[in-house]
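To start, the structure itself, in structure tokens.
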């Protein structure tokens, strides 16, 4: 199967490395975030003039400054885009900096991810609840078993179709027509690789799926509550085999 990495939210990351700072971008998983890196405020403004971003991360600490002037130019270029400013104790943020949130070094990657997640658009009125699943059609976030994750547009469309057809046999042809607007013979590799991506996000063990059942040679069946007995460990017999 082709190993293609799906993309989700677009993040504009502004970093210069004039001073030595921690590498924070490594915490951003590529299957969740499409990160564009620019090295100046001018380049960031040019990017925002050409296309939209879901979030701007201004790594002011990497410039050795408070980032105040860059933040002003970014806010002028994208009035409604959330801006996360990362500052250092040596160059604290300006109190009037027009940013949405501020993080001051040092902090953990988890704290960065939690702050990014909070700043991304997530309209609460667009959730579709089916079984253990909830899908936000506006922001493409999924909740399942107490966990949340963003989806690519295609994966969100695939999951939405599963949610609308629980427990039904969905053939490859039907999925190809509904999710990819395809006609003729479905491209099985395309369907299977997207199913694999979705399982990695929603299943506890993608190799032993509880929610998305494979029907060999036919298609799939979606179990929003999980298949009966799935995930349970087999019980050991109280009797020993010795002496039987």
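Coordinate-derived values only; no laboratory data. All values reported here derive from a predicted model rather than from experimental measurement. Positions of Cβ are generated from backbone atoms using ideal geometry, with glycine treated the same way; all protein chains shown enter the neighbour counts.
What is the stretch 124-222's relative contact order, in percent, from Cα pairs under 8 angstrom and six or more apart in sequence? Averaging sequence separation for qualifying contacts and normalising by length gives 21 percent for the stretch 124-222.
Quick one: angle between helix 188-202 and the longest Cα principal axis of the chain, in degrees between 0 and 90, rounded to 10, please. Between helix and principal axis, roughly 70 degrees. Here the relative contact order of the chain, from alpha carbon pairs under 8 Å that lie six or more residues apart, stands at 14 percent. Using only alpha-carbon positions in the chain, the gyration tensor eigenvalues give semi-axes of 42, 23, 15 Å once each is multiplied by 5 and square-rooted (largest first). Show log10 I(q)/I(0) for the stretch 124-222 at q = 0.10, 0.11 Å⁻¹, two decimals, from a solvent-free Debye sum over equal Cα scatterers. Reported log10 I(q)/I(0), two decimals: -0.24, -0.29. For residue 189 and residue 96, a Förster radius of 41 Å and the Cβ-Cβ distance give a FRET efficiency of 0.15, rounded to the nearest 0.05.
Between the helical axis of 109-119 and the longest alpha-carbon principal axis of the chain there is an angle of about 90 degrees. Rounded, prolate or oblate: which one fits the stretch 66-110, using the alpha carbon gyration tensor with axes a ≥ b ≥ c (rounded when a/c is under 1.5, else prolate when a/b beats b/c, else oblate)? Note, shape of the stretch 66-110 comes out oblate. Taking a ≥ b ≥ c as the square roots of the eigenvalues of the Cα gyration tensor of the stretch 54-175, is the shape rounded (a/c under 1.5), prolate (a/b larger than b/c) or oblate? Because a/c hits 1.5 or more and a/b exceeds b/c, the stretch 54-175 counts as prolate. FRET efficiency for the pair residue 208 and residue 10, taken as 1/(1 + (r/R0)^6) with r the Cβ-Cβ distance and R0 = 45 Å, rounds to 0.85. Antiparallel as a % of all DSSP beta bridges within the chain, to the nearest 5? Around 55 percent antiparallel, to the nearest 5.
Counting only alpha carbon atoms, the long axis of helix 41-50 and the longest principal axis of the chain meet at about 50°.
The residue 42 and residue 218 beta-carbon pair, evaluated with R₀ = 45 Å, returns a calculated FRET efficiency of approximately 0.25.
The length gained by stretching the chain between residue 167 and residue 118 to full extension, at 0.36 nm per residue less their Cα-Cα distance, is 14.3 nm.
Each peptide among 62-71, 146-155 gets the average number of other Cβ atoms lying within 10 Å of its residues, and from highest to lowest they stand as 62-71, 146-155.
What does the convex hull of the Cα atoms come to per residue for the stretch 1-122, in Å³? Working shown, then result.
Details: hull volume 14.0 nm³, N = 122.
Value for the stretch 1-122: 114 Å³ per residue.
Once you've got the GNM for the chain with C-alpha springs shorter than 10 Å, pick whichever of 35, 144, 218 has the biggest mean-square fluctuation. So, out of 35, 144, 218, the one fluctuating most is 218.
Relative contact order, whole percent, for the stretch 56-193 stands at 12, derived from Cα pairs under 8 Å and 6 or more residues apart.
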